[in-house]
Each structure stands twice: as structure tokens, then as C-alpha cells.
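Student: Below is a structure I'd like to ask you about.
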Amino acid sequence: MKGLTKSIKGHLILTVVLSQLVLAAGLVFTGVFYMEERLQAALDADLQARAMSISAKSLVPPSPDPSHPDFYEIRKGPTVLARSSNWPADLTFDNSKHKTYRSLMVSGLPYRALYLREVPILDREEAPPSSSDTLIVVYAEPTLALRNQVLAAGVYVALASLILLGATVLLALLGIRRGLLPLQHLAAEAAQISAQNWELRPTPDVKRVEELKPLTDAMSTMLDRLRQSFLQQREFLGNAAHELKTPVAILKSTLQSLLQKPRTAQEYEAGLGQALDDMERLEKLLQWMLRLARAEQWAQGALQRDLQEIDISNTCEEAMAGIRSLARSRNINLQLNAESNLVCKADPEDLELVWVNLLENAIRYSPAGATVDIRISRNNGRGTVVVEDHGAGIPEKDLPRIFERFRRADPSRTRETGGFGLGLAIAKALVEAYGGTITPESTPGRGTRMTVTLPAEQK
């Protein structure tokens, strides 16, 4: 089942429409509520005025809606003094309050009623009233006209809000469409990227958009890295083909020379021995290339391994034991100084290979009688292994490229020395696969220091 696609433009339009709908609904609600409150306040004031007028028996106000007349009642204590003909028989009020407003339904019509206590008698022909001569007045007026006014106001506000909503959405559509044009231009420029064109050329409108600057910078950085990786892979393939071509050509030449004419057994034996040497060199080159590919895959998280805790100093000692014969042949002393025992999760063969590669380079570029030092310490919660020689050093211009595959600082290291130019590349890939770093430092004429840091714990 294919996943649903998402549109930034559609999302923005939906957000604008929903926000405007909420705004319109808020305006309608606020307008209707305010209108109803104001009209009801006016109605309550009119009710009080009518109730005070009806207390004078001769001043019965006319009903504002003759088809739906007002109703009233005047009482003095429990005695009803006056009552309209349409007075509802079941109407009751809470007589504990001096003034009470109440909304009610009478015969299916909405009314607003007012209950007043202690209303003075205004029309009296006998003796002046005493302080206890007061009336109870109940007056009710229909609110159908008020409801119609509120409804009309709500309709007008809603229509105005819808018109404004349409205009706002239209402007938003135009703004969103125009605002997304730089993104479309950037996508068009990105579509022009190919193996022959690695440069991203954003248009001026793209450069002016502040929000697109992080994206264009990230894309440019990504393209630079991809171009560098592409060039490295192409160079690797060319170098690998060249490295493989040499032993294959020599092996082919050896076999062809054996077939050109009859040979003695000793000549056949010597020729086959040379062919076997070339085959071993070819096999070793393939093994190193495979080891490098696996190390890089592991460093990128493409491979999973179940690792055990090992002692880093033990791997250094094993590496020194394996390369001691080379050191003796060149009269080089190997010295190990372990300040603390460090433990990390790793494959011991991988770390031994790292130390062997670093030691081999240090031995080959050290003068006879020199010493190659290995120091193990703990710094800032990480294990540090330093391999340092006192040889000729590496020129500053070559230092950034020593980890490139098939890169040889000394072009004379060919078949006789057995170098392929993969040792440091494999060492770097393995160290990074374990979450570590490898940093070269060199001073021409004074030697080279390779510092490896690994996540480790003190034993």
C-alpha cells in the first residue's frame, strides 16, 4: 500500500483556511453575543420603565407588538389589584428578591419578565400612602423581535466574515504560490546536478529567502562531499585496476614464457614459483581491499557485530610481536609504555591490524638504530594510543592525504617492499568504526606521531 503524499502548499492553504474559519466563527460569535447583550440590556431597561408606569393604574403602556401583547399583574400583598387578560395562570416568581428578571416561554413565544417588589403607589386619591403601602408588579414583554434582530445581525456578520474569508484565502493563495516559487527554482537547479555538474547555482530569488539559506548551504556541503566521494571511488577503481593489472600481467608473462619453448624441470619449477609469488601478492591485495570495504561498511553502520571487551595493551603487545622481525631487520627498537590498562569492546584482530599498520609505517621510515614508541594512556574518559617514530617525517603538503587509498608517500615502495597504500586507509576505517579518531602529526626531520583515541574504560 502506497503511503499518502504530503503537500507543503496544501498544508499551508489548509492552515490558512482553518485559521480564517476560526477567526470568522469567533467574529460571528462575538458580534452576536455583544448584540444580544446590548439589546437585552435595552429591553430590561424598557421593562423596568413599563413596570414603574403600570404601577400607576391609569398609565398602562401600549404593547410594542400588538399581535403579541405584553402581560402584567399588580398585587398588594396577596391581593391582585390588576392583571392583563393574557396573564398565564401558572406563572410564579421567587419573591425573596427585590428585583428579578426571567426569560420564559408562554404559548410557544419567548418573553422577558420583570418582578418588582416594594413599588410605591403613584396614583392614590385617598390619604397619603404610608411607608408600608407598596405594590408588587410583574411585567413581561415578548422578545421575538429581539431574537430576530440578533439573528439578522448574526447573518450580516457571518456574510461579512465569509466575504473577508474568501478575500483572505485568495490573497493567501497568491502569497503562498509566490512564496514557494524560490523553492521550485531551487528544485529545478538541484535537478541539473549530475556526475558532470556538481555545482549548485541558486537563483537570486532563492538567495534572498532567509529560510532557504540553511537548505542551500546544506545542499552545497552535501554535493561537495558527494563529489569528493565520487572522485575517491573513481580514483580507487583506477588505482585498484592498476594494482591488479601489474601482478596479472607479470603472471601472464611468466606463464607465456614457460609455454614459448620446452623447458627443463628446474626452469619450470622456477617459473611456477615466480607465478605463485605473483599469485600470492594478488591474493593479498584482494584481501586488503575486501578488509577495507568491510571496515568502511561497518563504520557506516551497514554491518552489525557482537563484540567482547578486550584489553587494548594486549592487542598492542600482539602487534609488536608480529612485527618485531621487521624491526630487527632494520635495527629498530620497539618500546611500549602503558600508563593504565584500558578495556574496550572490539575485535582484537582489528585493533592488532591497526597497530601493525601504524608500526610498519613507523619502522619503514625510521633510521637504523632509532626507537618507535607506543604509549597507552587515558585522557578525558577515552583511551589514547600514540605511535611515534623519529624518522624523516611527512611533508606538510602530504599530511592531509596520507589516509587516501593506494596513496604512497614513498613511490619506491612497490613489489619489493610489499606496500599497496591501503594500510593507513584500513586503520582509519577500523578506528572510526569503533567510534574513535586517528590524528597524524608530523615535523619534517623529527618524526611522525599518530594519535588514536577510542572509547574505553579503565580496567
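The values are calculated or read from the model by the stated rules, or taken from the named source; none is laboratory data. Since the model is a prediction, treat every value here as computed from it, not as a measurement. Positions of Cβ are backbone-derived with ideal geometry, glycine not excepted, and every protein chain shown enters the neighbour counts.
Student: If I ask for residues that are farther than 15 Å from Asp311 by Cβ and of a type in the set (Val, Ile, Thr), which ones from segment 322-353 would you list?
Tutor: Within segment 322-353, Ile323, Ile332 meet the criteria.
Student: Give the residue that is surrounded by the most Cβ atoms within 10 Å (Cβ to Cβ), with candidates limited to residues of segment 201-222 that are over 12 Å from Leu183 (Cα atoms) and either hydroxyl-bearing (Ser, Thr, Tyr) or touching a Leu at 6+ places or on another chain (Cβ under 6 Å) (or both).
Tutor: Of everything passing the filter in segment 201-222, Met219 is surrounded by the most Cβ atoms within 10 Å (Cβ to Cβ).
Student: For Ser103, indicate whether it is touching a residue at least 24 places away in the same chain (Cβ under 8 Å) and within 14 Å of Leu146 (Cα to Cα).
Tutor: Yes: the conditions hold for Ser103.
Student: Do we find that Glu243 is more than 30 Å from Leu181 (Cα to Cα) and at pLDDT 80 or above in this structure?
Tutor: Criteria not met by Glu243.
Student: Another question, then. Does Pro64 fit the bill of being under 16 Å from Asp44 (Cα atoms) and assigned to a loop (DSSP other than H, G, I, E, B)?
Tutor: yes
Student: Continuing with this model, one more query. Among the listed residues Arg83, Arg112, Arg102, which satisfies the condition of being buried (at least 16 other Cβ atoms within 10 Å of the Cβ) and not hydrophobic (A, V, I, L, M, F, W, C)?
Tutor: Unique residue meeting the criteria: Arg112.
Student: Taking the options Ser19, Ser85, name whichever one is of a type outside the set (Phe, Trp, Tyr) and assigned to a loop (DSSP other than H, G, I, E, B).
Tutor: After ruling out the rest, the residue left standing is Ser85.
Student: I've got another one for you. Taking segment 100-117, which residues are among the hydrophobic types (A, V, I, L, M, F, W, C) and over 15 Å from Ala51 (Cα atoms)?
Tutor: Leu104, Met105, Val106, Leu109
Student: Whether any residue in segment 281-296 is surrounded by fewer than 16 Cβ atoms within 10 Å (Cβ to Cβ), modelled with pLDDT of 85 or more and more than 20 Å from Ala427 (Cβ to Cβ) is what I want to check.
Tutor: Taking every residue of segment 281-296 in turn, none turns out to be surrounded by fewer than 16 Cβ atoms within 10 Å (Cβ to Cβ), modelled with pLDDT of 85 or more and more than 20 Å from Ala427 (Cβ to Cβ).
Student: Can I ask one more? Please indicate, with yes or no, whether at least one residue in segment 367-376 is modelled with pLDDT under 85 and in contact with a strand residue (DSSP E or B) (Cβ under 9 Å, 6 or more places away or on another chain).
Tutor: No, because not a single residue in segment 367-376 is modelled with pLDDT under 85 and in contact with a strand residue (DSSP E or B) (Cβ under 9 Å, 6 or more places away or on another chain).
Student: Condition test on Gly26, is it on the phi > 0 side of the Ramachandran plot and assigned by TED's automatic domain parsing to the domain that holds Ile121?
Tutor: So Gly26 does not fit the description; no.
Student: Considering only residues that are part of a loop (DSSP other than H, G, I, E, B) and either among the small types (Gly, Ala, Ser) or not assigned by TED's automatic domain parsing to the domain that holds Leu359 (or both), which ones fall in segment 375-398?
Tutor: Once the filter is applied, which keeps residues that are part of a loop (DSSP other than H, G, I, E, B) and either among the small types (Gly, Ala, Ser) or not assigned by TED's automatic domain parsing to the domain that holds Leu359 (or both), segment 375-398 yields Gly381, Gly391, Ala392, Gly393.
Student: Please work out which residue is farthest from Leu21 (Cα to Cα), limiting yourself to segment 166-205 and to residues that are part of a loop (DSSP other than H, G, I, E, B) and either touching a Lys or Arg at 6+ places or on another chain (Cβ under 7 Å) or touching a residue at least 12 places away in the same chain (Cβ under 8 Å) (or both).
Tutor: Ala195
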